[in-house]
Number of protein chains: 2
Amino acid sequence: MVNDKIILGHGSGGRLTQELVRDLFCKYLGEAGPSSLDDSAVLDFPEGKLVYTTDSYVVSPLEFPGGDIGTLCIAGTVNDLAVMGAKPLWLSLGVILEAGLPIHALKKIVQSIARTAEVAGVQIVCGDTKVVEYGKGDGIYINTSGVGVLTAECLPESIQPGDKILVSGTIGDHGMTLLTLRKGFELELELKSDCAPLNGLIENVTAEVGVKWMRDPTRGGVATALNELAEGREWGLLLQEDALPFSEPVRGLEELLGLDPLYSANEGKVLMVVDAGNAEKALSLLGGDAAVIGEVTEAHAGKVVLNTTMDTLRTLGVLTSDPLPRIC
Amino acid sequence: MVNDKIILGHGSGGRLTQELVRDLFCKYLGEAGPSSLDDSAVLDFPEGKLVYTTDSYVVSPLEFPGGDIGTLCIAGTVNDLAVMGAKPLWLSLGVILEAGLPIHALKKIVQSIARTAEVAGVQIVCGDTKVVEYGKGDGIYINTSGVGVLTAECLPESIQPGDKILVSGTIGDHGMTLLTLRKGFELELELKSDCAPLNGLIENVTAEVGVKWMRDPTRGGVATALNELAEGREWGLLLQEDALPFSEPVRGLEELLGLDPLYSANEGKVLMVVDAGNAEKALSLLGGDAAVIGEVTEAHAGKVVLNTTMDTLRTLGVLTSDPLPRIC
């Protein structure tokens with residue numbers, strides 16, 4: 001390509017757009033990319049219910065320890081499908097480029113997209129490219145939507161007191177990574193985003209164990225996701241603080257700065273509610289740092305409550321407004 | 001809602017986001033909107049092939065004679081599905097809001113979305129809201145993806161010399177409207193965008209007549225869309241200049257400023273190639289200003305050629321780079 005930066009003409013729909021799509025997007029997406037340069041894809045949908053989702057990604061900075069906006073825009077949408085009990089099949093990719101974005105930066109992002117799509121086993125089947133003037137964007141914004149087929153429907157109505165709440169690993173890593181990066185904190189311990197597709201892991205569990213509810217606790221974190229589950233219910237959710245898995249750097253930030261990782265975003269973790277009798281099995285299938293972090297209780301109806309290490313109860317409300325915008 | 005402008009907290013994923021989604025998006029989308037506030041939708045896909053598309057909308061200004069970004073983001077994606085021969089079913093809606101956007105402006109856009117979705121008979125089944133800082137966007141950028149079911153597959157391989165090229169109405173209105181608006185031209189005649197969903201019209205034709213190829217000539221206009229069809233083919237496309245339908249204001253702009261409406265975007269027109277024997281029938285079904293504008297020829301293989309009113313031949317190349325960015 002002649003230019004080493006994105007120019008407005010790359011969004012014209014003419015020759016320059018075609019070149020960008022063919023020589024950059026399609027080239028670096030490779031096997032994960034669409035089979036033609038057409039606007040739309042014609043696909044064979046398998047038998048079953050269709051699950052459909054969309055997410056835009058405006059993370060800043062574009063690259064961070066553990067991933068970049070390319071990793072994120074695939075993992076995030078794949079995970080939204082996976083927690084609905086769907087097998088993710090196809091993704092769309094819509095990019096809004098700011099004029100001036102270096103082509104090599106775009107190439108790197110597209111390579112991340114390809115790599116993550118391959119890990120997740122999904123195909124990017126259609127796409128769109130727009131370019132806005134310098135100063136009207138922030139490098140690149142990405143929207144991916146996703147289509148999957150329902151394989152393991154959750155039934156939150158079947159949740160009852162005694163059911164266990166599980167998390168698939170350490171809490172708050174993505175949000176805390178972005179925070180330290182943006183605020184310029186120097187950490188002794190390496191902290192990185194957990195950004196990763198979860199569909200393989202989730203399929204392993206749902207194939208063996210009935211899961212009553214799943215959610216990927218992204219913006220708003222574990223506390224907000226659980227509040228969405230609890231709201232208006234006749235039962236409550238009681239978390240045990242001493243059971244919460246945190247990575248060392250996140251625990252350090254919590255103690256040092258008083259930040260609450262329960263409200264910090266995760267991009268590669270899943271929360272599950274399962275029957276008490278299934279908890280051990282689910283835990284072993286999740287592996288790693290997965291933990292039972294609490295249970296469904298008759299008390300605290302409609303609320304999420306934390307039993308602290310000092311044995312006091314603290315109600316965890318919904319995040320009103322994140323102090324840190326643009327984490328995904 | 002307490003605020004009269006979008007603030008960063010509206011993108012936090014917490015309470016403010018929930019309120020914005022519930023009290024603005026869901027409220028004003030009404031019947032056209034999703035049935036729950038969940039991230040994703042579970043849907044029954046009918047029998048047949050699935051058609052999937054995506055488009056981001058960055059039009060500037062957000063409102064223009066004949067429509068706004070809300071009309072455009074539904075019509076554009078519906079039309080992408082319709083020209084694939086699909087019946088559009090469901091759309092996703094991902095918005096990137098710039099902090100400072102007045103809530104009333106957003107409300108108006110969402111109302112346009114609802115109205116256009118109703119006209120097109122499509123449902124918005126899932127959505128996402130992100131907010132970027134003031135100065136990192138331009139009011140609102142929207143991505144819609146769409147899913148449809150294939151009802152009338154086109155077979156461009158069956159195109160042969162003698163086939164007719166049709167357009168469903170006047171050419172270049174959308175692009176010329178945006179141009180006059182952005183350049184501040186004062187026109188005596190009213191010029192407005194043709195922005196509208198075409199699925200109903202297209203279904204009327206495809207139900208009665210076999211269509212070999214269809215395309216909505218958006219960015220790059222009629223000339224670019226036809227070039228994409230002709231490229232690499234053993235036949236050519238010959239257009240008759242005196243058959244091209246233009247609105248009076250567009251013809252005026254062409255004569256006055258030397259602008260070529262064949263490269264100007266349309267947002268509510270469809271190009272079709274049909275068997276010569278079907279041309280009259282298709283024309284009557286398209287109605288209005290629809291016209292046969294040319295035919296497939298043995299000569300000019302791989303090219304689009306214009307037979308001008310002065311009886312000279314001019315090859316119409318692909319637009320390289322639009323002089324006017326952000327028209328959709």
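Derivation of every value follows stated rules applied to the coordinates shown; laboratory data play no part. Just so it is clear, the structure is predicted and the values come from calculations on it, not from any experiment. Cβ atoms come from the backbone with ideal geometry, glycine included; neighbour counts cover every protein chain shown.
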With the crude spin-label approximation of a point 7 Å out along Cα→Cβ, what separation in nm comes out for A:Glu190 versus B:Asp242?
7.5
Highest GNM mean-square fluctuation, chain B, Cα pairs closer than 10 Å: which of B:Gly14, B:Gly66, B:Gly121?
B:Gly14
Over chain A, relative contact order from alpha-carbon pairs under 8 Å, at least 6 apart, %:
23
With springs connecting C-alpha atoms under 10 Å apart, model chain A as a Gaussian network and identify which of A:Glu157, A:Glu248, A:Glu63 has the largest mean-square fluctuation.
A:Glu157
Counted neighbours (other Cβ, 10 Å), sorted fewest up, put A:Asp275, A:Asp242, A:Asp38, A:Asp128 in the order A:Asp242, A:Asp38, A:Asp275, A:Asp128
Compute the Kirkwood hydrodynamic radius of region B:156-315, taking the inverse of the mean of 1/r over all pairs of distinct Cα atoms, and give it in Å to one decimal.
15.9
If neighbour count is taken as other Cβ atoms inside 10 Å, put B:Lys87, A:Lys49, B:Lys281 in order from fewest to most.
B:Lys281, A:Lys49, B:Lys87
The protein assembly as shown - Debye-derived log10 I(q)/I(0), Cα point model, q = 0.06 Å⁻¹:
-0.34
Dipole magnitude of region A:118-169 about its Cα centre, charges +1 at Lys/Arg Cβ and -1 at Asp/Glu Cβ only, in debye to the nearest 20?
100
In debye to the nearest 20, the charge dipole size for region B:211-328, taken about the Cα centre with +1 at each Lys and Arg Cβ and -1 at each Asp and Glu Cβ, equals 340
Relative contact order (percent) for region B:8-150, with alpha-carbon contacts under 8 angstrom and 6 or more residues of separation?
40
Put the label 7 Å from Cα along Cα→Cβ for B:Glu157; what are its distances to the other copies, in nanometres, shortest first?
4.8
Amide H neighbours of A:Ser40 at under 5 Å, excluding residues fewer than 5 places away on the same chain, with H built from the backbone geometry, are none
Inter-copy distances for B:Lys5, nm, shortest first, label points 7 Å along Cα→Cβ, are 2.9
Stokes-Einstein diffusion coefficient of region A:8-150, Kirkwood radius over Cα pairs, 25 °C, 0.890 mPa s, in µm²/s
161
Would you work out which of B:Val147, A:Leu181, B:Ser158 lies farthest towards the positive end of the dipole of the protein assembly as shown, given +1 charges on the beta-carbon of Lys and Arg and -1 on that of Asp and Glu, about the Cα centre?
A:Leu181
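Calculate, in whole percent, how much of the Cα-Cα pair population of chain B lies beyond 30 Å.
38
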Placing +1 at every Lys and Arg Cβ and -1 at every Asp and Glu Cβ, with all other atoms neutral, what dipole size does region B:8-150 have around its Cα centre, in debye to the nearest 20?
120
Centroid-to-centroid separation of region B:1-70 and region B:298-314 [C-alpha atoms, Å]
45
With the dipole of the protein assembly as shown worked out from charges on the C-beta (+1 for Lys and Arg, -1 for Asp and Glu) around the Cα centre, which of B:Thr312, A:Ala230, B:Leu201 lies farthest toward the positive end?
B:Thr312
Nm distances between copies for A:Ser35, ranked from closest, using label points 7 Å along Cα→Cβ
3.3
Helical mean residue ellipticity (222 nm; -39500 (n - 2.57) per DSSP H run of 4+; nearest 500) of chain B
-8000 deg cm²/dmol
Mind checking which of B:Leu286, B:Leu256, B:Leu187 has the largest fluctuation in a GNM of chain B, springs on alpha carbons under 10 Å?
B:Leu256
Over region A:92-248, what is the mean sequence separation of C-alpha contacts under 8 Å (at least six apart), divided by residue count, expressed as relative contact order in percent?
27
